[in-house]
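Please treat every number below as a calculation from the coordinates, not as lab data. Please read these numbers as outputs of a predicted model, since none were measured by experiment. Cβ placement follows ideal geometry from the backbone for every residue including glycine, while neighbour counts extend to all protein chains displayed.
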Amino acid sequence: MTAVPERPHEPRSDVSGGGPYQRPVKPRKPRPPRASATTKNGGTAHALPPKPTISAAAAAALPPRPPLPGEVDEKRDVVDRAAESAALKAEEVSMEDAAEAVAQEDAAEAVAEEAAAEDAVAHESVDVADRTAAPDVTEPEAVVSASVAAEPADREPEAAEPSIDQLDPVSPAVMAEVIEQLVEDAEAPASAAPQAVVVSGLTKAFGQTTAVAGIDLSIPAGSFYGLVGPNGAGKTTTLSMIAGLIRPTSGSVRIDGVDAIAHPQQAKRRLGVLPDRLRTFDRLTGRQLLYYCGVLRELSPAVAESRTADLARAFDLTDALSRPVSDYSAGMTKKILLAGALIHSPRVLVLDEPFESVDPVSSAVILDILETYVAHGGTVLLSSHGMQLVERVCSRVAILVAGNVLAEGTIAEVRGESTLEERFLQLAGGLSDVEGLEWLHTFSD
Ligand SMILES: Nc1ncnc2c1ncn2[C@@H]1O[C@H](COP(=O)(O)OP(=O)(O)OP(=O)(O)O)[C@@H](O)[C@H]1O
């Protein structure tokens, strides 16, 4: 609730008893008919007259405007917004405040009537008197009316868009509060970048084995994110939970804002997945496999066929498309499955060891495809044992050891003064003890 500043009342004796009161000389105009309008808070209120007609004495009976925010050296646009907000706040003042404002208007009206009686000008009407008699005078708009009445007589003519000088006065305390909030908003950092994948407290236990021990990860949209760790650290388990291939023991996974556990189908629509173990429908030919990957992801048959040809060309698999996938090499199988993960152009790619077994030429092609995909807003989350590759292509990395995230951040943050590999070795426990293998040097033949 906002208090309207108290306004001193002009004693009537000043007007009628030969005091300093001077009768206004400004000619009064007939009052224009009132129009009805709907207020912002749903009530019906009369629109303000274009310019209130009030005597100079009545105006003098009301206090001067409070200082405007521009006087405290705020930025002009902040001030404009503050003034607008303050005007809105002024509409929200209570009924008592409105009544008080009306009482002040009454005083102004009495002054004007007194002057009119003295003048014996019967045809002159005092505009404010009519307004006070209006039944909706306690509507919030009425407060604004009273405020307008307090404007100095030499104000510029009202424009369609009021200038800052024409805005209604509000309490300095309210104004200060609004300004403070606006300045806070202006200084607040831009909202954080959207996250493609967010996992919280993610845990997976296989019997007595805790593969993933309650990890938190946030993967920004449009980033190339690396998950590294020694064998058995929990990388595949983590990626499998994110991809919806296995159910977490506890914790949550959100894909592009979708709760992947509550709404797995919606989440999976946004994902392209290259699983670790290359289990697939390997009795199908490469062409059939890609076609079915496409139509299962709701592509039309024509689009699925066309993209199959594009991907086969990119991955150098065109000649192999007619052969059963069971006949493919490990690297070829990896590539056809990667093509299958890409065919529906998902927002997020979850790739478990995408470069494992892939020759350098194909690796370069895959990298090129993925970097372009990320440059266009896609997100890649991959696991890899290739520290140099991760260091080169990823923007962020997490080091997972024994189911826990031991380091996470940008590549520079995680590696510090060392290389990523050195940092990895420090966190993963360094080189294992090779003592006890002397027998290996005594050849059996
Ligand atoms: N289906 C399963 N049943 C039982 N234990 C499992 C299963 N899958 C994984 N584990 C165990 O969970 C732990 C993490 O395995 P995971 O495959 O996630 O590790 P990883 O980091 O991917 O290892 P690598 O680098 O060797 O692929 C291991 O101890 C593993 O034995």
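Quick notes
- Computed from the C-beta positions of ASP216 and VAL365, the FRET efficiency with R₀ = 35 Å rounds to 0.55.
- Interchain or long-range residues, amide H under 5 Å from VAL212's placed H: LYS204
- Antiparallel beta bridges, as assigned by DSSP with both residues in segment 195-432, represent about 60 percent of the total such bridges.
- For segment 305-413, the relative contact order is 21 percent, taking Cα pairs closer than 8 Å that sit 6 or more residues apart in sequence and dividing their mean separation by the residue count.
- Our estimate of slack between ARG247 and ALA193, defined as 0.36 nm per intervening residue step minus the Cα-Cα distance, is 16.7 nm.
- A simple count of charges around GLY409, restricted to other residues whose Cβ falls under 15 Å of its Cβ and scoring Lys, Arg +1 and Asp, Glu -1, yields -2.
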